[in-house]
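**Q** Quick one: the structure is below, questions incoming.
The values are calculated or read from the model by the stated rules, or taken from the named source; none is laboratory data. Every value quoted in this text rests on a predicted model; they were computed, and no experiment measured them. All Cβ positions, even for glycine, are placed from backbone atoms using ideal geometry, and neighbour counts span all protein chains on display. Ligands, DNA and RNA are excluded from the accessible area calculation, which covers all protein heavy atoms including side chains. Shrake-Rupley method; radii C 1.70, N 1.55, O 1.52, S 1.80 Å.
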Amino acid sequence: AHLAMIQLRNVMNYPQTMPLILVHDADAMPLTAEQIDADTLAAFALEHNDRALAAKLQTRQSQIEYAMAKGAALPTLYLYGGYNTSYFTNIDNIAAYDSFWNQLKNNQGAYVQVGISIPLFSGLSRTADIARSRNSWNIARINEAETLKEIETEVATTVQQLRGFAKQHIAANAKAQATRMAYDGMKAKYEKGLASAIDLQTTATLLLQAEAECLYTGLRYVAQRRMADYYSGKPLIRK
């Protein structure tokens, strides 16, 4: 067993001085792939995933720019208004002038001005701006649809692969347990002189391979589960 652990660390490029704990029980890893509904996960990702939100915002921005371009080609109506008043006095002869409040009231004035601007001489450039912004909006909508379709496909693929990795890990774990039992039996025979060292070494090698496969499938499951968690709104990289 110790020799098998040394070989396993060597295959994994794992430091020989650090402890390596192998999980032999499939129940120790929460294989919840069957509980994940691809449609529910895809619906959540299409509403909250960063790529989906960015594509939708880009479409909305292009739509606003198109509306602004159309608005710039329309006549513009201006409305101005104002109010004014004044006060004057002579310090040497204050009585010759009305009081402050009377002057403010009597000297007040107001005005309203209405204007209109018709873009007669920039029609070609404004038409070009409208066409360009309309094309940008159409492209943004196409990109949004493609992005959402890609996310939906990625979610379905992720869930399907996750279920496959879960089944592979369960099978590899069962194989490792069976190989462990075979090794323990061969070790008992070897200690009693009923088996050779070559037989024990062969069984130890098979156990090493089975445990390495169990570890490999478990790591693949964990990595794929992180992808499923990412589409459910959890960060891909965690502390």
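**Q** How much of ASP229 can a 1.4 Å solvent probe reach, expressed as accessible area in Å² and rounded to 10?
**A** Taking all protein chains as shown, ASP229 has close to 20 Å².
**Q** If packing is taken as the average number of other Cβ atoms within 10 Å across a peptide's residues, how do 183-190, 217-224 rank, most packed first?
**A** By packing density, highest mean first, the sequence is 217-224, 183-190.
**Q** Please work out the Cα convex hull volume for the range 119-239 and give it in Å³ per residue. Each step should come with its number before you reach the end.
**A** Details: hull volume 18.3 nm³, N = 121.
Dividing the Cα hull volume of the range 119-239 by its residues yields 151 Å³.
**Q** Heavy atoms only, probe 1.4 Å: what % of the accessible area of the range 86-239 goes to carbon and sulfur, would you let me know? Can you show the working numbers first?
**A** Working: 6160 of 10510 Å².
Within the range 86-239, the accessible surface is 59 percent carbon and sulfur.
**Q** What is the sum of charges, Lys and Arg at +1 and Asp and Glu at -1, for the other residues whose Cβ falls under 13 Å from the Cβ of ALA45?
**A** Details: positive: ARG51, LYS56, LYS149, LYS234; negative: ASP37, ASP39, GLU47, ASP50, GLU150, GLU152, GLU154, ASP229.
Cβ neighbours under 13 Å give a net charge of -4.
**Q** So what is Rg over Rh here for the range 144-197, counting just Cα atoms and using Kirkwood for Rh?
**A** Values: Rg = 22.3 Å, Rh = 14.6 Å.
Using Cα coordinates only, the ratio equals 1.53.
**Q** Right, another one. List the lysines whose alpha-carbon lies under 27 Å from that of LYS175, not counting same-chain residues fewer than 8 positions away?
**A** Cα-Cα hits under 27 Å: LYS167, LYS187, LYS189, LYS192.
**Q** While we're looking at this one, here's another question. Quick one, can you get me the convex hull of the C-alpha atoms of the range 59-175 expressed as volume per residue in Å³? Intermediate results must be reported in sequence, preceding the final value.
**A** Values: hull volume 29.2 nm³, N = 117.
Enclosed volume per residue, from the Cα hull, is 249 Å³.
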